[in-house]
Amino acid sequence: MRTELLQPAGGGPPAAAAPRLPLNRRVRTLLLGFLCTAGWLTAAVIGHHVDFGPELHRIGLAVHVLALVLSFGAILVIDWIGFLWLLGKREIHESGRLESAAKPLIWGGLSLLLISGAFIHPDLGNPVTLVKLACVLVLMLNGLSIGPAMHQLLALPPQTRFGEVARRLRNRLLMALSVSQVCWWTAVLIGLVNSTLRRWVGA
């Protein structure tokens with residue numbers, strides 16, 4: 001697959017532009033996005049309307065925390081390596097290889113978050129809880145949408161620096177990184193606050 005070079009506006013070094021992805025890969029991404037949304041909605045509705053009792057609630061909460069550590073921990077490492085590449089301290093393919101290796105941990109953790117989230121009985125009447133749930137959905141869709149960009153990125157030479165990547169792809173990567181961190185930290189903080197308030201009310 002050949003890589004073309006585009007001269008950015010205003011002069012400077014040429015920007016590496018990765019080839020477009022085939023249509024079937026984009027269709028697959030859309031289908032996976034639909035499945036993620038359906039799973040998210042199902043877990044939220046079941047969790048809101050079904051009370052599984054205190055024992056399953058405690059088990060669900062423990063699994064929820066474990067899933068959070070699993071997926072969020074992997075994301076933090078990947079985003080950190082990507083940030084180091086942005087600073088010119090890592091090669092372009094390091095983040096991609098790490099993301100590929102950690103993908104089962106990330107998606108496995110997100111799946112457990114959805115399943116265990118149903119057992120902890122989320123209150124859909126609480127606007128703060130709705131923000132947390134929305135963050136989880138955005139995280140999954142953001143993870144799917146960044147996949148094609150990562151494929152384009154890995155098609156470039158390993159020595160490619162961030163400033164040499166085409167502006168559109170650079171902006172896409174920065175947006176995905178920002179959305180990932182904002183949504184993760186928002187969901188984590190809301191979860192901690194909700195859990196603390198529940199313990200106080202229960203006491």
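The values are calculated or read from the model by the stated rules, or taken from the named source; none is laboratory data. Everything quoted here is computed from the prediction, not taken from an experiment. Glycine gets a Cβ as well: all are built from the backbone with ideal geometry, and neighbour counts include every protein chain shown.
Points worth noting:
- Look at region 185-197: where a residue is surrounded by 12 or more Cβ atoms within 10 Å (Cβ to Cβ) and a partner is of a type outside the set (Val, Ile, Thr), sitting 6+ places away or on another chain with Cβ atoms under 7 Å, you get Thr186/Cys135; Ala187/Lys132; Ala187/Cys135; Val188/Leu68; Val188/Phe72; Ile190/Lys132; Gly191/Lys132.
- When Ile81, Ile75 are screened for being without any contact (Cβ under 8 Å) to a residue 24 or more places away in the chain, in contact with a helix residue (DSSP H, G or I) (Cβ under 8 Å, 6 or more places away or on another chain) and over 14 Å from Ala44 (Cβ atoms), only Ile81 passes.
- For Leu154, the stated conditions do not hold, so it cannot be described as under 19 Å from Phe72 (Cβ atoms) and within 22 Å of the chain's Cα centre (by Cα).
For every residue, the table says whether it meets (1) under 21 Å from the mean Cα position of the chain (by Cα); (2) within 25 Å of Met175 (Cβ to Cβ); (3) in a helix (DSSP H, G or I).
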residue: Glu55; (1), (2), (3): no, no, yes
residue: His64; (1), (2), (3): yes, no, yes
residue: Leu76; (1), (2), (3): yes, yes, yes
residue: Ala101; (1), (2), (3): yes, yes, yes
residue: His121; (1), (2), (3): no, no, no
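- Of residues in region 64-117 being hydroxyl-bearing (Ser, Thr, Tyr) and buried (at least 17 other Cβ atoms within 10 Å of the Cβ), the one modelled with the lowest pLDDT: Ser95
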